[in-house]
Amino acid sequence: MAETQSAAAPQKDERIREMSPMRKALIRPELGAICGTILVFMFFLGIASDSGMFSPEGIINWGTVSAQFAIIAVGACLLMIAGEFDLSVGSMIGFSGIIIALISVQWGYPVWVGILVAFAMALAIGALNGYLVVKTGLPSFIVTLAFLYILRGLTIFISIATTRKTIIGGVREVAEGDPIAWLFGGKVFSGLFVWLADLGIVGKFVAGPKAGQPVVEGIPMLMIWAVILIVFGHLLLTRTRFGNWIFAAGGDAQAARYVGVPVNRVKILMFMFTAFCATIFATCQVMEFGSAAADRGLLKEFEAIISVVIGGALLTGGYGSVVGAALGALIFGVVQQGLFFAGVESSLFRVFLGVILLLAVILNTYIRRMITGER
Amino acid sequence: MSDNLIELVDIEKHFGPVIALNGVSVSVKAGECHCLLGDNGAGKSTFIKTMSGVHKPTKGKILMDGKEVNFNSPRDAMEAGIATVYQDLAMIPLMSVTRNFWMGREPQKRFGPFKFFDFAQANEVTMTEMAKMGIHLRSPDQAVGTLSGGERQTVAISRAVFFGAKVLILDEPTSALGVRQTSNVLATIDKVRQKGIGVVFITHNVRHAMAVGDRFTVLNRGKTLGTALRGDIKAEELQDLMAGGQELAELEGSLGGTI
């Protein structure tokens, strides 16, 4: 039998076509998102290039919006690849924001205490979400849908019960000189922009209290967080043992368990990471606006999921890419702000987004079939 | 007795009021292929899950190299050298061959304070091990979904062998395969056996069992109906035992002895 086997196994299988290196480099999970990004940029370069959209302050504008989407998309992406959803992301954003404002403004503790408590509570709620999903075996769709309502309701209740308002302002004032708050609300590389302004690359304010200062103050920390999370998520997913476990947990949880992958731990940790990302988003937003509101983060869970899906991830788990999700977030941000720059009626944003979503998913499905041999 | 790699004595397993196994004894020697035959519902699956640490036996002993062992999880059994290849759960089709091959045991490379999956080494080993089993991959990052059913079984088997399995349990590896793929898998079983690994081959296809088996144990309604050596028993007798004898004999008569 051994002899027939070796004779029957030629060096190359005649039924597998050789792939050209070009094709091989192109066929990747992010391809749909890459095409989408190119298309969207070409479109806006065509219709809005003279509107200031691609000036430094324009770039900071849509860059910030994209970074917001990217922060929650990275969390949602890893969780989706691990085979689960989190619909409570938006409510988590509102909840964390209110917690920070309550502790710092209302109760007078330092802002950093508020931030740390918010993160601790978010991680605990993320863990609870994950624990419930793993232990009950219920779809995460249902469990986190319950938390979408529970958290939103609690947030409004806590806010009204303690302050009789749903918006708590004055965070910026109490955050002055705080050792942690600047990590979320600050701007970095402002020296660089002063220098660029002196060179005439970046414009300066010509009048008003800020006259003489560059129009771009610096890179908002929000963008730095987005980059850190994207790089972290991408390396974790593609280059580490834990990343392999994320794919395995979402690809086939039972098969993964049989070879010793701690599937439950992976899933719970990913729920915690999603909640962590939501809280980073919330903290940045509270620091930027100087206030927290109980209705913040509405529909953010869907925007995160849409970014991830545009990025090539499979809704049922086991397949996807953080870089793709980040590009999805970029497309989202550029389209939203670009239509504003182009002076297009803002209601058309949703039409545009729906069309992109549909096109990206169709292309992604086709690419995924080519890669995985799915039928 | 001492040449048994693993020996399961009088295993009973109850699920509430249901008695799934009612005194099953099986032993596996190094380098042999022990076929476990039984019809659907005979208790084959429960038995191998007990062997691989998924279930704990209600009664009975598991001996490895003559010493009694207790498996609390599949991980325990794996560490003791028992590897199981499940029919449909062998591989994750969306993931690459390398990622599947190393799943749960990824090699790591230190880079400063961080540890990364060592893909260079992992890919190389995967390609070599696959080639040994007669599968020539286009590339190690090819998704398992692009492989045929037989090739997937072979990847799973060579993974188990590479990670030092002493006992390899194969759960119906051939039941969903075509003729050519089946013979490839049977050839792989033969190669594995020659390495001195004890193979437990679960099947309900007597022909496949006769092709590679050294010993045959038939399970029926949660009991062992006895173990026979190769050459001591004919395919027809195995078939009769599996079906519980008389009924099938009648059926076979009406079908002209073709089953």
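The values are calculated or read from the model by the stated rules, or taken from the named source; none is laboratory data. Fair warning: this is a prediction, and the values are worked out from it, not measured in the lab. Here Cβ is always computed from backbone atoms with ideal geometry, including for glycine, and neighbour counts include all displayed protein chains.
Restricted to the range B:29-51, and to residues there that are in a strand (DSSP E or B) and touching a helix residue (DSSP H, G or I) at 6+ places or on another chain (Cβ under 9 Å), the residue that is nearest to B:Asp190 (Cα to Cα) is B:Cys33.
The residue pairs whose first member lies in the range A:218-239 and is within 11 Å of another protein chain (Cβ to nearest Cβ), whose second member is of a type in the set (Ser, Thr, Tyr) and outside any helix (DSSP H, G or I), and whose beta carbons are closer than 9 Å, counting only pairs six or more residues apart or on different chains, are A:Leu237/A:Ser321; A:Thr238/A:Ser321. I want to confirm something. Restricting to the range B:134-153 and keeping residues that are of a type outside the set (Lys, Arg) and touching a Pro at 6+ places or on another chain (Cβ under 9 Å), which single residue is farthest from the other protein chains (Cβ to nearest Cβ)? In this case the residue turns out to be B:Gln153.
Condition check ((1) among the β-branched types (Val, Ile, Thr); (2) touching a Pro at 6+ places or on another chain (Cβ under 9 Å)) across all residues:
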{"residue": "A:Thr274", "(1), (2)": "yes, no"}
{"residue": "A:Phe281", "(1), (2)": "no, no"}
{"residue": "A:Cys284", "(1), (2)": "no, yes"}
{"residue": "A:Ala326", "(1), (2)": "no, no"}
{"residue": "A:Phe340", "(1), (2)": "no, no"}
{"residue": "A:Ile367", "(1), (2)": "yes, yes"}
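When B:Thr174 is tested against (1) out of contact with any Leu (no Cβ under 9 Å at 6 or more places or on another chain); (2) not in a helix (DSSP H, G or I), only condition (1) is not met. Being in contact with a Leu (Cβ under 9 Å, 6 or more places away or on another chain) and more than 13 Å from every other protein chain (Cβ to nearest Cβ), is that true of even one residue in the range B:87-110? No: zero hits. In the set (1) touching a His at 6+ places or on another chain (Cβ under 6 Å); (2) modelled with pLDDT of 90 or more, B:Thr174 fails one condition alone, (2). Taking the range A:346-375 as the range and being more than 14 Å from chain B (Cβ to nearest Cβ) and either outside any helix (DSSP H, G or I) or touching a residue at least 24 places away in the same chain (Cβ under 8 Å) (or both) as the test, the residues that pass are A:Ser346, A:Ser347, A:Leu353, A:Ile356, A:Leu357, A:Leu359, A:Ala360, A:Val361, A:Leu363. Scanning the range A:240-283 for residues that are of a type in the set (Lys, Arg) and more than 10 Å from chain B (Cβ to nearest Cβ), we see that the one that is nearest to B:Met95 (Cα to Cα) is A:Lys267. Across the range A:289-313, the qualifying residues are those that are surrounded by fewer than 22 Cβ atoms within 10 Å (Cβ to Cβ) and farther than 24 Å from A:Ser104 by Cα, and the one among them that is nearest to the other protein chains (Cβ to nearest Cβ) is A:Phe302. Return the total of residues in the range A:48-78 being under 30 Å from A:Ile150 (Cβ atoms), in contact with a Gly (Cβ under 9 Å, 6 or more places away or on another chain) and aliphatic (A, V, I, L, M). Here the count works out to 7. Residues that are outside any helix (DSSP H, G or I) and either modelled with pLDDT of 95 or more or within 23 Å of the chain's Cα centre (by Cα) (or both) within the range A:236-274 comprise just one, A:Thr240. The numbered conditions (1) within 30 Å of A:Gly83 (Cβ to Cβ); (2) of a type in the set (A, V, I, L, M); (3) not in a helix (DSSP H, G or I) are all true for A:Ile201 except (1).
Applying the condition of being assigned to a helix (DSSP H, G or I) and under 20 Å from A:Gly318 (Cβ atoms) to the range B:134-152 and asking which residue is modelled with the lowest pLDDT yields B:Gly149. Residues that are touching a helix residue (DSSP H, G or I) at 6+ places or on another chain (Cβ under 6 Å) and more than 9 Å from chain A (Cβ to nearest Cβ) within the range B:116-132 comprise B:Ala122, B:Asn123, B:Thr126, B:Glu129, listed in sequence order. Listed here are the helices (runs of 4 or more DSSP H) enclosed by the range A:19-97 that have at least 3 residues being within 22 Å of the chain's Cα centre (by Cα) and buried (at least 24 other Cβ atoms within 10 Å of the Cβ): A:31-48, A:56-81. For the range B:156-171, the set of residues classified as in a loop (DSSP other than H, G, I, E, B) and of a type in the set (Gly, Ala, Ser) consists of B:Gly164, B:Ala165, listed by residue number.
The set of residues in the range A:125-150 that are of a type in the set (A, V, I, L, M) and over 20 Å from the mean Cα position of the chain (by Cα) comprises A:Leu128, A:Leu132, A:Val133, A:Val134, A:Leu138, A:Ile142, A:Val143, A:Ala146, A:Ile150. If I ask for residues that are part of a loop (DSSP other than H, G, I, E, B) and either modelled with pLDDT under 90 or under 18 Å from A:Gly83 (Cα atoms) (or both), which ones from the range B:88-105 would you list? Selection gives B:Asp88, B:Leu89, B:Ala90, B:Met91, B:Ile92, B:Pro93, B:Leu94, B:Met95, B:Met103, B:Gly104, B:Arg105. With respect to the conditions (1) farther than 27 Å from B:Ala187 by Cα; (2) more than 13 Å from chain A (Cβ to nearest Cβ); (3) loosely packed, with under 14 Cβ neighbours inside 10 Å, B:Ile62 lacks only one, and its number is (3).
Scanning the range B:52-87 for residues that are assigned to a loop (DSSP other than H, G, I, E, B), touching a helix residue (DSSP H, G or I) at 6+ places or on another chain (Cβ under 9 Å) and in contact (Cβ under 8 Å) with a residue 40 or more places away in the chain yields B:Ser52, B:His55, B:Pro57, B:Tyr86, B:Gln87.
Just to be sure, is A:Val286 away from every other protein chain (no Cβ under 14 Å), more than 22 Å from A:Ile224 (Cα to Cα) and buried (at least 22 other Cβ atoms within 10 Å of the Cβ)? No, not satisfied.
Put simply, of B:Gly31, B:Gly81, B:Gly53, B:Gly38 the only residue that is surrounded by 17 or more Cβ atoms within 10 Å (Cβ to Cβ), closer than 25 Å to B:Ile135 by Cβ and more than 9 Å from chain A (Cβ to nearest Cβ) is B:Gly81. When the residues of the range B:207-232 are filtered to those that are surrounded by fewer than 17 Cβ atoms within 10 Å (Cβ to Cβ) and touching a Lys or Arg at 6+ places or on another chain (Cβ under 9 Å), the one that is nearest to B:Ser25 (Cα to Cα) is B:Leu229. Counting just the residues of the range A:113-122 that are surrounded by fewer than 17 Cβ atoms within 10 Å (Cβ to Cβ) and touching a residue at least 24 places away in the same chain (Cβ under 8 Å), which one comes out nearest to A:Thr274 (Cα to Cα)? Going through the qualifying residues, I end up with A:Met121.
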